[in-house]
Amino acid sequence: MAVRSYTGAPIPADPTDVSSAGSAWWFAWTGLQNGDVGQPLQVPHLPDKTIHFSGTFGAGGTVKMRGSCLASPNPDVATDWFDLNDPQGNPISKTTSDPKGEAIEQNPRWIAPIVTAGDGATNIAATLTANGGRR
């Protein structure tokens, strides 16, 4: 198992767009394989979140989003985390690179993806868009 780092940037990427800069961000964890977890991301100040999974799921590949309200959750300790849900109350768990995104209902202190199943071909990306601006 590996902890995969995330990358991210504000949206829009144009720094001259002062009116929108900082209200929305994107983050991505890439190269997620069977047993991998994403580096925890602390974004409670960006409560409006949508996740999209893509890539190769392989045989039995499953990826989930999870959250924690602890001060310093350990990515490797399952009891430090809980499953995140979509607005209908369903756990966010995917077994294919379904092109639809999922809104994240909860707003915990930390969030991260985890790949709970797969084979040698499993290679998943989790891309998050998060917004802190007012609608």
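Only one item in (1) 13, 49, 34, 4; (2) 11, 41, 35, 12, 0; (3) 13, 43, 33, 9, 1 matches P(r) over Cα pairs in 10 Å bins from 0, in percent derived from the coordinates shown, and that item is (3). Close amide H contacts of Gly55 (hydrogens built in the peptide plane, cut-off under 5 Å, sequence separation of 5 or more or a different chain): Ala125. One decimal place: the segment Asp80-Asp48 gains 9.3 nm when fully extended, by the rule 0.36 nm per residue minus the C-alpha distance. Only protein heavy atoms count here; under a 1.4 Å probe, His52 has an accessible surface of about 70 Å². In a simple Cβ point-charge model (Lys, Arg +1; Asp, Glu -1; nothing else charged), the chain has a dipole of about 160 debye relative to its Cα centre.
Placing unit charges on each Cβ (+1 for Lys and Arg, -1 for Asp and Glu) gives the chain a dipole about its Cα centre, and among Asn131, Ala121, Ile104 the Cα reaching farthest toward its positive end belongs to Asn131. Using a cutoff of 8 angstrom between alpha carbon atoms and counting only pairs six or more residues apart, the relative contact order for segment 42-127 works out to 50 percent. In this structure, Ala71 and Asn131 have a Cβ-Cβ separation that, at R0 = 35 Å, corresponds to a calculated FRET efficiency of about 0.90.
For segment 65-135, a crude dipole built from +1 on the beta carbon of Lys and Arg and -1 on the beta carbon of Asp and Glu, taken about the Cα centre, is about 360 debye to the nearest 20.
Once the Cα-Cα distance is subtracted from the 0.36 nm per residue extended length, the Ala117 to Ser5 segment shows a gain of 38.4 nm. Counted by Cβ distance under 10 Å from Ala126, the other residues give a net charge of +3, where Lys and Arg count +1 and Asp and Glu count -1.
For the chain, the per residue solvent-accessible surface stands at 51 Å², with DNA, RNA and ligands left out and a 1.4 Å probe.
The values are calculated or read from the model by the stated rules, or taken from the named source; none is laboratory data. In this text, all values refer to a predicted model and were calculated from it rather than measured experimentally. Every residue, glycine as well, gets a Cβ built from its backbone with ideal geometry; the counts of neighbours run over all protein chains shown. The area values use the complete protein model at the heavy-atom level, side chains included, leaving out ligands, DNA and RNA. Shrake-Rupley method; radii C 1.70, N 1.55, O 1.52, S 1.80 Å.
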